[in-house]
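Take a look at this one; I'll ask things after.
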Amino acid sequence: MKDKLVMPGDQLSTSEELLPGDGTFEENGIIRAARIGTYIIDEKHRTAIVKPASSTPVLLKKGDVVIAKVIVAKPTMIIADVVHVTGKKRSVSGDTDATIHVKEIAQGFIKDASTEYKTEDYIRAKVIQVKPSVQLQTKDRNFGAIKALCSKCRHALVKKGHGLECENCGNKEHRRIADDYGALDMKKL
Amino acid sequence: MKSDIKLITDEGKRLDGRGPHDLRKIKIEAGVLHRADGSCYLEWGGNKVLAAVYGPREAVPRHTQNPLKAIVQARYNMAAFSVEDRKRPGPDRRSVEISKVISEALEKVILTEYFPRASIDVNIEVLDAEAGTRCAGLSAAAVALVDAGIPMRDIPVACAAGKIEGQVVLDLGKEEDNFGDADLPIAISPRTDEVLLLQMDGHFTVNEFNQAFDLALKGCHTVSEIQKKAILEKYQSVVAEVQE
């Protein structure tokens with residue numbers, strides 16, 4: 001059967017028959033479409049779904065790979081603002097305040113989280129929890145800082161060997177860096 | 001202000017040749033702006049309106065956030081060149097009011113409870129004005145919201161009716177708005193006929209009001225069909241591509 005294009009407000013089914021799923025809402029026992037897309041029935045879960053035809057708001061999900069900007073670095077945790085979800089073109093809707101607990105930064109033991117990431121660093125991380133609060137993890141090789149600034153002169157740090165160095169003042173700094181540090185163009189996100 | 005201008009000819013036609021129950025020509029195109037999350041360009045007679053939707057995104061300043069639902073912030077703005085005499089740019093009393101009533105109308109149909117603490121920003125830019133810009137703006141904003149994939153109960157739509165030379169007519173034109181007796185713009189949710197916006201300028205008798213309301217309601221349904229056609233036109237091809 002060819003999928004039918006439905007508009008917001010179109011009747012899809014009734015709540016006796018199906019459960020309201022993604023892209024639908026229930027009103028007086030009737031399931032209606034909440035967005036434009038094709039109507040699909042998930043037979044396994046008996047759920048009505050509208051597969052979107054347009055772009056949809058980006059909400060964080062467990063497992064998403066995100067780019068976040070560090071706001072505060074404390075000994076036990078990093079507070080960061082999620083600015084981008086990899087593979088999405090739209091900005092993030094909903095809560096963007098995220099935390100990385102010290103034990104989620106790397107595989108090994110880290111005594112002080114603020115030695116690994118510093119304020120204004122951009123880091124790539126994985127979402128491991130969304131509710132009640134957004135929690136991130138940077139344990140994999142491709143996770144970690146992707147852009148960092150010199151804490152003395154605020155110029156961008158470049159990768160030299162295993163560490164980071166400031167080209168402006170020669171200051172050497174330590175971060176937990178992703179394997180592609182400095183390769184991502186932030187303007188093209 | 002009374003004037004000598006004759007708004008209805010002896011044959012019962014209006015200045016632009018329309019009958020009393022005719023709408024002006026409407027053209028709608030969805031998804032015209034690349035940087036916006038959703039957008040729409042609408043031409044309604046001489047009105048040219050561009051609507052862009054951004055978000056849902058974090059509402060700033062933070063004290064405007066609602067922990068239970070998203071807020072809808074519509075911003076209606078008339079370009080300086082949209083009217084005959086240059087309009088002083090920036091928000092004025094009129095555009096602040098229109099922004100408010102459009103925000104409230106849109107908030108009624110958007111499922112705001114899905115996005116707590118967020119703000120859905122709707123920018124309505126009037127490029128060319130010729131009476132009925134609030135209806136045109138709201139109808140354009142509705143299409144832009146659908147284009148942005150924002151969950152909604154219905155696609156809202158607006159249309160006006162008015163009174164010229166004692167006769168109730170649909171969709172006032174520029175001269176009719178300036179020299180007519182009354183204007184009644186309404187916005188509805190076309191599925192339920194729930195009224196989202198109702199304003200009145202001038203005087204109607206109760207009978208005339210009911211007549212004008214019914215006429216505007218009919219006009220809304222006609223515009224709603226045009227809106228849906230414009231949305232289908234854009235997305236039918238998208239869906240066909242996916243299925244191939």
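Mean-square fluctuation check for chain B, GNM, Cα pairs under 10 Å: which of B:GLY55, B:GLY132, B:GLY19 is largest?
B:GLY19
I've got another one for you. Separation between the B:GLU11 and A:LYS88 pseudo-spin-labels, each 7 Å from Cα along Cα→Cβ, expressed in nm?
Between B:GLU11 and A:LYS88, the label points sit 5.8 nm apart.
Do any residues of the range A:45-88 lose at least 40 Å² of accessible area when the full set of protein chains is present rather than just their chain alone, and if so which, with a 1.4 Å probe?
Output list: A:ALA53, A:SER54, A:PRO57.
What nm distance separates the two modelled labels at A:LYS111 and A:ARG154, each placed 7 Å from Cα along Cα→Cβ?
3.1 nm
Here is a further query. Per DSSP H run of n ≥ 4, the term is -39500 (n - 2.57); total these for the protein assembly as shown, divide by its residue number, and report the mean residue ellipticity at 222 nm rounded to 500 deg cm²/dmol. Don't jump to the answer; show the numbers that get you there.
On the way: 4 runs with 76 residues, N = 433.
Helix contribution divided over all residues of the protein assembly as shown: -6000 deg cm²/dmol.
Okay, moving on. Using only alpha carbon pairs under 8 Å that are at least six residues apart, calculate the relative contact order of the range B:26-243 and give it in whole percent.
22 percent
In addition: Give the carbon-plus-sulfur fraction of the accessible surface of the protein assembly as shown in %, rounded to a whole number; probe 1.4 Å, heavy atoms of protein chains only.
On the way: 11060 of 21770 Å².
Carbon and sulfur together cover 51 percent of it.
Let me ask something else. Remind me, relative contact order of chain A in percent, using alpha carbon pairs under 8 angstrom and six or more residues apart?
14 percent
Let me ask something additional. Going by accessible area, probe 1.4 Å, with all protein chains left in place, what is the ranking of B:GLU11, B:GLU225, largest first?
Putting B:GLU11, B:GLU225 in descending order of accessible area: B:GLU11, B:GLU225.
Any idea what log10 I(q)/I(0) is at q = 0.06, 0.07, 0.09 Å⁻¹ for the protein assembly as shown, Debye with uniform C-alpha scatterers and no solvent?
One equal scatterer on each Cα of the protein assembly as shown leads to -0.35, -0.46, -0.69.
What is the sum of charges around B:ARG191, taking Lys and Arg as +1, Asp and Glu as -1, for the other residues whose C-beta is under 14 Å from the C-beta of B:ARG191? Spell out each step's value before the answer.
On the way: positive: A:ARG32, B:LYS108, B:ARG153, B:LYS228; negative: A:ASP10, A:GLU27, B:ASP154, B:ASP193, B:GLU194, B:GLU225.
Result for the neighbourhood of B:ARG191: -2.
I've got another one for you. Please give the solvent-accessible surface of A:VAL72 in Å², to the nearest 10, using a probe radius of 1.4 Å with every protein chain present.
Accessible surface of A:VAL72 is approximately 60 Å².
Run down the aspartates and glutamates and flag those whose C-alpha is under 19 Å from the C-alpha of A:LYS159, throwing out any fewer than 8 positions away in its chain.
Filter leaves A:GLU116, A:GLU120, A:ASP121, A:ASP140, A:GLU167, A:GLU173, A:ASP179, A:ASP180, A:ASP185.
If B:MET200, A:MET77 are ordered by their accessible area, calculated over protein heavy atoms with a 1.4 Å probe, which sequence runs from highest to lowest?
Of B:MET200, A:MET77, the descending order of accessible area is B:MET200, A:MET77.
Treat every Asp and Glu Cβ in chain A as -1 and every Lys and Arg Cβ as +1, leave all other atoms uncharged, and give the resulting dipole magnitude about the Cα centre to the nearest 20 debye.
Computed about the Cα centre, the dipole is about 700 debye.
Which cross-chain or sequence-distant (5 or more) residues have an amide H under 5 Å from the amide H of B:ASN47, H modelled 1.01 Å from N in plane?
Result for B:ASN47 returns B:GLU130.
Hey, another quick one. Which Cα, out of B:PHE179, B:ALA160, B:ALA30, lies furthest along the positive dipole direction of the protein assembly as shown (beta carbon charges, K/R +1, D/E -1)?
Working it through, the farthest residue towards the positive pole turns out to be B:ALA30.
Along the charge dipole of the range A:4-52, Cβ charges K/R +1 and D/E -1, which of A:LEU19, A:GLY9, A:ILE31 sits furthest on the positive end?
Of the candidates, A:GLY9 comes out farthest on the positive side.
If one computes the Cα centroid of the range A:102-178 and of the range A:38-55, what distance in Å separates the two points?
Cα centroid to Cα centroid, the span is 40 Å.
Of B:ALA105, B:PHE115, A:VAL158, which is farthest along the charge dipole of the protein assembly as shown in the positive direction, counting Lys and Arg as +1 and Asp and Glu as -1 at C-beta?
Farthest along the dipole direction, towards plus: A:VAL158.
Same structure, new question: Just the number, please: buried accessible area between B and A, total of both chains, 1.4 angstrom probe, nearest 100 square angstrom.
The B and A chains share an interface burying roughly 2200 Å².
Okay, moving on. Can you tell me how much longer the chain between A:ILE30 and A:HIS174 gets when fully stretched, taken as 0.36 nm per residue apart minus their C-alpha distance, in nm with one decimal? List each step's numbers first, then the result.
On the way: separation 144, 0.36 × 144 = 51.84 nm, distance 5.79 nm.
So the chain would gain 46.1 nm between A:ILE30 and A:HIS174.
Also, I was wondering about something else. On average, how much accessible surface per residue is there in chain A, in Å², for a 1.4 Å probe, leaving out ligands, DNA and RNA?
54 Å²
A follow-up question, please. Taking every alpha carbon pair in chain B, what does the distance histogram look like in 10 angstrom bins from 0, in percent?
Per 10 Å bin, starting at 0, the Cα pair percentages come out as 8, 31, 35, 19, 6, 1, 0.
So which lysines can B:LYS87 reach, going by Cα to Cα under 24 Å and dropping same-chain residues fewer than 8 places off?
Result set, ordered by chain and number: B:LYS48, B:LYS100, B:LYS174.
Residue by residue through the range A:39-55, what is 3J(HN,Hα) from phi via Karplus (6.51 cos²θ - 1.76 cosθ + 1.60, θ = phi - 60°)? Round to whole Hz and write x for glycine and proline.
Values, residue by residue: 7, 10, 10, 7, 5, 5, 9, 6, 10, 8, 10, 10, 6, x, 9, 9, 6 Hz.
Moving on to the next point. Return the distance in nm (one decimal) between the two label points of a simple spin-label model at B:ASP22 and B:LYS100, each offset 7 Å from Cα along Cα→Cβ.
With each label point 7 Å from Cα toward Cβ, the separation is 3.8 nm.
Also: For chain A, what number results from the quotient of the Cα radius of gyration and 2.2 N^0.38 Å?
Numbers: Rg = 21.6 Å, N = 189, 2.2 N^0.38 = 16.1 Å.
Dividing the Cα Rg of chain A by 2.2 N^0.38 Å gives 1.34.
Also, I was wondering about something else. Rolling a 1.4 angstrom probe over the protein heavy atoms, how many square angstrom per residue are accessible across the range B:182-235?
Heavy-atom SASA per residue in the range B:182-235 reads 49 Å².
Going through the cross-link list A:LYS118/A:LYS188; A:LYS74/A:LYS139; A:LYS61/A:LYS187; A:LYS4/B:LYS229; A:LYS152/A:LYS172; B:LYS13/B:LYS229, which pairs have a Cα-Cα distance over 21 Å in this structure? Write down the numbers at each step before the final one.
On the way: A:LYS118/A:LYS188 23 Å; A:LYS74/A:LYS139 18 Å; A:LYS61/A:LYS187 24 Å; A:LYS4/B:LYS229 15 Å; A:LYS152/A:LYS172 10 Å; B:LYS13/B:LYS229 29 Å.
In this structure, A:LYS118/A:LYS188; A:LYS61/A:LYS187; B:LYS13/B:LYS229 exceed 21 Å between Cα atoms.
The values are calculated or read from the model by the stated rules, or taken from the named source; none is laboratory data. Predicted model, so just to flag it, every value in this text is computed and none were measured. Positions of Cβ are generated from backbone atoms using ideal geometry, with glycine treated the same way; all protein chains shown enter the neighbour counts. Calculation scope for accessible area: heavy atoms of the full protein, side chains included, ligands and nucleic acids excluded. Shrake-Rupley method; radii C 1.70, N 1.55, O 1.52, S 1.80 Å.
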